[in-house]
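Worksheet: the structure to be examined is printed underneath.
The values are calculated or read from the model by the stated rules, or taken from the named source; none is laboratory data. From a predicted model like this one, the values you see are computed outputs, not experimental measurements. Ideal geometry is used to build each Cβ from the backbone, glycine not excepted, and the neighbour counts take in all protein chains shown. Each accessible area value is taken on the protein alone, full model and side chains, heavy atoms only, with ligands, DNA and RNA left out. Shrake-Rupley method; radii C 1.70, N 1.55, O 1.52, S 1.80 Å.
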Amino acid sequence: MKITVFTDGAAKGNPGPGGYGVAILMGDKVVELGARKDRTTNNEMELKAVVEAVRFAVAEKVSPEIYSDSKYVIDGATGWTFGWVKNGWKTKAGEDVKNKELWQELVELLKEVKVDWHKVPGHVGIIGNERADAIASDFGEGKQVNLYNGSRSDYGYNIENTDYDKAKAAERSSARKRQSQKAYSYISKVGGVVETHTTWKECEARVKGEKGARFKKAISAAEEVQIAGDFVG
(Lines give C-alpha, C1' and ligand atoms only; values in the text may rest on other atoms or scores of the structure.)
Protein backbone atom coordinates (compact mmCIF):
# COMPACT_ATOMS: atom_id res chain seq x y z
CA MET A 1 0.00 0.00 0.00
CA LYS A 2 1.20 3.50 -0.84
CA ILE A 3 0.60 6.58 1.29
CA THR A 4 0.91 10.25 0.37
CA VAL A 5 2.91 12.37 2.78
CA PHE A 6 3.50 16.13 3.03
CA THR A 7 6.22 17.45 5.31
CA ASP A 8 7.50 20.82 6.43
CA GLY A 9 9.55 22.47 9.16
CA ALA A 10 9.87 25.96 10.58
CA ALA A 11 12.04 27.94 12.96
CA LYS A 12 11.29 31.42 14.21
CA GLY A 13 14.68 33.09 14.22
CA ASN A 14 16.66 30.24 12.62
CA PRO A 15 17.92 29.32 15.16
CA GLY A 16 14.98 29.86 17.43
CA PRO A 17 11.80 28.12 18.54
CA GLY A 18 10.40 25.87 15.85
CA GLY A 19 8.40 22.84 14.93
CA TYR A 20 7.73 20.24 12.29
CA GLY A 21 4.53 19.20 10.58
CA VAL A 22 3.42 16.13 8.64
CA ALA A 23 0.12 15.39 6.88
CA ILE A 24 -0.42 11.78 5.78
CA LEU A 25 -3.13 10.44 3.50
CA MET A 26 -3.48 6.68 3.94
CA GLY A 27 -6.48 5.25 2.11
CA ASP A 28 -9.60 6.59 3.81
CA LYS A 29 -7.64 7.91 6.79
CA VAL A 30 -5.61 11.05 7.49
CA VAL A 31 -2.95 11.31 10.18
CA GLU A 32 -1.09 14.46 11.21
CA LEU A 33 2.20 14.49 13.09
CA GLY A 34 4.12 17.35 14.61
CA ALA A 35 5.93 18.73 17.64
CA ARG A 36 7.77 21.78 18.93
CA LYS A 37 11.42 22.33 19.78
CA ASP A 38 12.49 25.35 21.80
CA ARG A 39 15.68 26.04 19.84
CA THR A 40 16.21 24.70 16.37
CA THR A 41 16.73 25.57 12.70
CA ASN A 42 14.58 25.32 9.59
CA ASN A 43 16.79 22.56 8.19
CA GLU A 44 16.63 20.52 11.38
CA MET A 45 12.84 20.71 11.49
CA GLU A 46 12.48 19.94 7.76
CA LEU A 47 14.61 16.85 8.33
CA LYS A 48 12.81 15.88 11.54
CA ALA A 49 9.48 15.97 9.69
CA VAL A 50 10.76 13.52 7.09
CA VAL A 51 12.33 11.24 9.71
CA GLU A 52 9.02 11.00 11.57
CA ALA A 53 7.10 10.45 8.33
CA VAL A 54 9.39 7.60 7.28
CA ARG A 55 9.27 6.14 10.79
CA PHE A 56 5.47 6.11 10.51
CA ALA A 57 5.65 4.37 7.13
CA VAL A 58 8.01 1.70 8.45
CA ALA A 59 5.74 1.02 11.44
CA GLU A 60 2.68 0.76 9.17
CA LYS A 61 4.56 -1.31 6.58
CA VAL A 62 3.57 1.03 3.76
CA SER A 63 5.51 2.83 1.00
CA PRO A 64 5.42 6.63 1.23
CA GLU A 65 5.38 9.24 -1.49
CA ILE A 66 6.90 12.23 0.25
CA TYR A 67 6.26 15.78 -0.93
CA SER A 68 8.75 18.27 0.49
CA ASP A 69 9.88 21.76 -0.46
CA SER A 70 13.27 21.22 1.21
CA LYS A 71 16.16 20.87 -1.23
CA TYR A 72 18.38 20.21 1.79
CA VAL A 73 16.39 17.13 2.82
CA ILE A 74 15.80 15.64 -0.61
CA ASP A 75 19.35 16.19 -1.87
CA GLY A 76 20.66 14.76 1.39
CA ALA A 77 18.40 11.72 1.39
CA THR A 78 18.99 10.87 -2.26
CA GLY A 79 22.65 11.77 -2.59
CA TRP A 80 24.74 13.40 0.12
CA THR A 81 24.23 10.70 2.75
CA PHE A 82 26.06 8.11 0.65
CA GLY A 83 29.22 10.19 0.74
CA TRP A 84 28.79 11.07 4.42
CA VAL A 85 28.53 7.40 5.38
CA LYS A 86 31.75 6.62 3.48
CA ASN A 87 33.50 9.59 5.08
CA GLY A 88 32.49 8.69 8.64
CA TRP A 89 29.84 11.43 8.75
CA LYS A 90 32.29 14.14 7.85
CA THR A 91 31.88 16.76 5.15
CA LYS A 92 34.45 17.26 2.39
CA ALA A 93 35.90 19.99 4.59
CA GLY A 94 36.40 17.45 7.38
CA GLU A 95 33.70 18.90 9.61
CA ASP A 96 30.93 16.99 11.35
CA VAL A 97 27.75 16.78 9.27
CA LYS A 98 25.10 19.10 10.70
CA ASN A 99 22.09 17.29 12.16
CA LYS A 100 24.14 14.10 12.01
CA GLU A 101 21.98 12.12 14.44
CA LEU A 102 18.81 12.80 12.44
CA TRP A 103 20.53 11.90 9.17
CA GLN A 104 21.76 8.67 10.72
CA GLU A 105 18.22 7.83 11.83
CA LEU A 106 16.93 8.49 8.34
CA VAL A 107 19.58 6.33 6.69
CA GLU A 108 18.61 3.39 8.90
CA LEU A 109 14.89 3.91 8.29
CA LEU A 110 15.40 4.07 4.53
CA LYS A 111 16.80 0.55 4.64
CA GLU A 112 13.32 -0.61 5.66
CA VAL A 113 11.15 1.14 3.09
CA LYS A 114 11.25 2.58 -0.42
CA VAL A 115 10.40 6.26 -0.66
CA ASP A 116 9.24 8.10 -3.77
CA TRP A 117 10.55 11.64 -3.36
CA HIS A 118 8.80 14.70 -4.78
CA LYS A 119 10.57 18.07 -4.58
CA VAL A 120 7.88 20.73 -4.79
CA PRO A 121 7.89 24.53 -4.58
CA GLY A 122 7.03 25.99 -1.19
CA HIS A 123 4.12 28.34 -0.51
CA VAL A 124 2.53 28.10 -3.94
CA GLY A 125 -0.78 26.56 -2.93
CA ILE A 126 -0.06 22.83 -2.63
CA ILE A 127 -2.72 22.02 -0.05
CA GLY A 128 -0.89 19.25 1.81
CA ASN A 129 2.33 21.24 2.09
CA GLU A 130 0.46 24.34 3.21
CA ARG A 131 -1.14 22.28 5.97
CA ALA A 132 2.20 20.78 7.03
CA ASP A 133 3.67 24.28 7.08
CA ALA A 134 0.80 25.56 9.23
CA ILE A 135 1.36 22.76 11.76
CA ALA A 136 5.11 23.45 11.90
CA SER A 137 4.67 27.22 12.16
CA ASP A 138 1.99 27.00 14.84
CA PHE A 139 4.17 24.76 16.97
CA GLY A 140 7.07 27.19 16.49
CA GLU A 141 4.89 30.08 17.61
CA GLY A 142 3.79 28.19 20.70
CA LYS A 143 0.18 27.86 19.60
CA GLN A 144 -2.15 25.04 20.56
CA VAL A 145 -2.11 22.51 17.72
CA ASN A 146 -4.78 19.84 17.37
CA LEU A 147 -3.26 17.07 15.26
CA TYR A 148 -5.86 15.25 13.21
CA ASN A 149 -6.16 11.46 13.19
CA GLY A 150 -9.32 10.19 11.61
CA SER A 151 -11.52 9.72 8.59
CA ARG A 152 -10.57 11.31 5.27
CA SER A 153 -14.17 12.39 4.78
CA ASP A 154 -14.08 14.52 7.93
CA TYR A 155 -10.73 16.12 7.18
CA GLY A 156 -10.98 19.74 6.15
CA TYR A 157 -8.24 19.80 3.50
CA ASN A 158 -8.24 18.36 -0.02
CA ILE A 159 -4.71 17.01 0.21
CA GLU A 160 -5.14 14.70 -2.77
CA ASN A 161 -4.84 17.83 -4.91
CA THR A 162 -1.16 18.53 -5.58
CA ASP A 163 -1.76 21.25 -8.19
CA TYR A 164 -0.08 24.59 -7.60
CA ASP A 165 0.31 28.09 -9.01
CA LYS A 166 3.10 27.65 -11.57
CA ALA A 167 3.47 31.39 -12.21
CA LYS A 168 3.95 32.00 -8.48
CA ALA A 169 6.44 29.12 -8.32
CA ALA A 170 8.47 30.62 -11.19
CA GLU A 171 8.43 34.02 -9.49
CA ARG A 172 9.67 32.55 -6.20
CA SER A 173 12.38 30.59 -8.02
CA SER A 174 13.55 33.74 -9.77
CA ALA A 175 13.62 35.64 -6.46
CA ARG A 176 15.69 32.91 -4.78
CA LYS A 177 18.11 32.86 -7.71
CA ARG A 178 18.53 36.62 -7.46
CA GLN A 179 19.12 36.44 -3.71
CA SER A 180 21.96 34.00 -4.28
CA GLN A 181 23.75 36.28 -6.76
CA LYS A 182 26.67 38.38 -5.60
CA ALA A 183 25.78 42.00 -4.89
CA TYR A 184 27.29 44.74 -7.03
CA SER A 185 26.12 47.32 -4.48
CA TYR A 186 23.33 48.22 -2.07
CA ILE A 187 21.15 51.30 -2.39
CA SER A 188 19.43 52.97 0.54
CA LYS A 189 17.02 55.85 0.96
CA VAL A 190 16.74 57.57 4.33
CA GLY A 191 15.01 60.91 4.89
CA GLY A 192 14.65 61.39 1.16
CA VAL A 193 18.39 61.00 0.53
CA VAL A 194 19.62 58.13 -1.66
CA GLU A 195 23.06 56.61 -1.13
CA THR A 196 24.93 53.60 -2.54
CA HIS A 197 27.04 51.21 -0.46
CA THR A 198 29.65 48.63 -1.36
CA THR A 199 28.69 46.29 1.50
CA TRP A 200 25.48 45.19 3.19
CA LYS A 201 26.99 46.12 6.56
CA GLU A 202 27.23 49.78 5.49
CA CYS A 203 23.69 49.75 4.12
CA GLU A 204 22.27 48.05 7.18
CA ALA A 205 23.93 50.54 9.52
CA ARG A 206 22.26 53.38 7.63
CA VAL A 207 18.72 52.02 7.44
CA LYS A 208 18.45 50.19 10.76
CA GLY A 209 15.89 51.84 13.01
CA GLU A 210 15.07 54.53 10.46
CA LYS A 211 11.33 54.90 9.91
CA GLY A 212 10.37 54.77 6.23
CA ALA A 213 13.85 53.71 5.13
CA ARG A 214 14.16 51.76 1.87
CA PHE A 215 16.98 49.55 0.63
CA LYS A 216 17.67 47.11 -2.17
CA LYS A 217 20.51 45.01 -3.56
CA ALA A 218 21.79 45.71 -7.07
CA ILE A 219 23.53 42.94 -9.01
CA SER A 220 24.96 45.16 -11.76
CA ALA A 221 25.95 48.78 -12.43
CA ALA A 222 22.92 49.22 -14.67
CA GLU A 223 20.59 47.92 -11.97
CA GLU A 224 22.19 50.23 -9.43
CA VAL A 225 21.31 53.21 -11.61
CA GLN A 226 17.77 51.91 -12.12
CA ILE A 227 17.12 51.34 -8.40
CA ALA A 228 18.57 54.71 -7.43
CA GLY A 229 16.34 56.35 -10.03
CA ASP A 230 13.27 54.51 -8.70
CA PHE A 231 14.11 55.62 -5.16
CA VAL A 232 14.49 59.26 -6.24
CA GLY A 233 11.27 59.12 -8.25
When all protein chains stay in place, what accessible area (Å², nearest 10, 1.4 Å probe) is found for E60?
90 Å²
Quickly work out the K29-to-H123 label distance, labels modelled 7 Å from Cα along the C-beta direction, and quote it in nm with one decimal.
3.4 nm
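Contact order normalised by length for the chain, with contacts defined as Cα pairs under 8 Å and 6 or more residues apart; what percent is it?
On the way: 431 pairs, mean separation 48.8, N = 233.
Across the chain, relative contact order equals 21 percent.
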Listed pairs K114/K143; K2/K119; K48/K98; K71/K208; K119/K217; K12/K114 exceeding 23 Å between Cα atoms:
K114/K143; K71/K208; K119/K217; K12/K114
Of all DSSP beta bridges with both partners in the chain, the antiparallel percent, nearest 5, is 80 percent
Given labels modelled 7 Å from the Cα in the Cβ direction, how far is it in nm from L147 to E195?
5.1 nm
Against the longest alpha carbon principal axis of the chain, how many degrees, from 0 to 90 and to the nearest 10, is the axis of helix 100-110 turned?
40 degrees
Once all protein chains are kept in place, R36 shows an accessible area at probe 1.4 Å, nearest 10 Å², of 110 Å²
Just to confirm the number: angle between the C-alpha axis of helix 221-232 and the first principal axis of the chain, 0 to 90 degrees, nearest 10?
80 degrees
Solvent-accessible surface (1.4 angstrom probe) belonging to T199, in square angstrom, nearest 10
60 Å²
HN-Hα J in Hz across region 195-211 - Karplus 6.51, -1.76, 1.60, θ = phi - 60°, x for Gly and Pro:
9, 10, 9, 7, 10, 5, 4, 5, 5, 4, 4, 6, 8, 4, x, 8, 5
In Å², rounded to a whole number, the accessible area per residue of the chain with probe 1.4 Å is 56 Å²
Excluding ligands, DNA and RNA, the carbon-plus-sulfur percentage of the accessible area of the chain with a 1.4 Å probe reads 49 percent
Approximate spin-label separation E202-K111, in nm, with each point projected 7 Å along Cα-to-Cβ:
5.6 nm
With angles folded into 0 to 90 degrees, how steeply does helix 166-180 sit against the dominant principal axis of the chain? Use alpha carbons for both and round to 10.
60 degrees
Once each part is reduced to its C-alpha centroid, what is the distance from region 176-233 to region 32-52 in angstrom?
35 Å
Assuming 0.36 nm per residue, please report the length gained on full extension of the stretch E210 to T78 beyond their Cα-Cα distance.
43.0 nm
